[in-house]
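Q: Before anything else, here's the structure in question.
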Amino acid sequence: MHDVCGGCFDNGKQVVAKVRIMGFDQSPVPAPLDIACTHCGNTFKIETMVSVCPACNMVYAVTPCHCTRAEHAMAAGIGY
C-alpha cells in the first residue's frame, strides 16, 4: 500500500485519501506551513497532514514525505 515517497497524485482528493488510509491525517507536520487558500485567499497554518481553511472549510492535505514545504499541500475541496 505504501509506496515510499514515489507516489504521484493528480489532485488533492487523492492526497487526502492516501493520508487518511495511512492513518496520518491528524499527525502534526514538523513545523506549521503558511499557505494562502486557493478558494478564499485566507492565509492560515497547516498544522496536521490534513488541515482545513478556517475561513471557508477548504480541505488541504500533504503527505508525510512532503510535509516540510507548503507548495506540496493540495486542495481537495470544501468539506472534503
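Q: Given the range 11-72, what strands (runs of 3 or more DSSP E) lie entirely inside it while holding 1 or more residues that are of a type in the set (Ser, Thr, Tyr)?
A: 43-48, 50-52, 58-61
Q: Going through the range 20-47 one residue at a time, which ones are within 16 Å of Gly79 (Cα to Cα) and under 12 Å from the mean Cα position of the chain (by Cα)?
A: Matches in the range 20-47: Arg20, Asp25, Gln26, Cys37, Ile46.
Q: Also, I was wondering about something else. Look at Pro54 and say whether it is free of Cβ contacts under 8 Å to residues at least 24 places away in the same chain, touching a Lys or Arg at 6+ places or on another chain (Cβ under 8 Å) and on the phi < 0 side of the Ramachandran plot.
A: Taking the combined requirement at face value, the residue does not satisfy it.
Q: Is it the case that Gly77 is part of a strand (DSSP E or B), of a type outside the set (Asp, Glu) and modelled with pLDDT of 95 or more?
A: It is true that Gly77 is part of a strand (DSSP E or B), of a type outside the set (Asp, Glu) and modelled with pLDDT of 95 or more.
The values are calculated or read from the model by the stated rules, or taken from the named source; none is laboratory data. From a predicted model like this one, the values you see are computed outputs, not experimental measurements. Don't worry about glycine lacking a Cβ; one is built from the backbone with ideal geometry, like all the others, and counts go over all protein chains shown.
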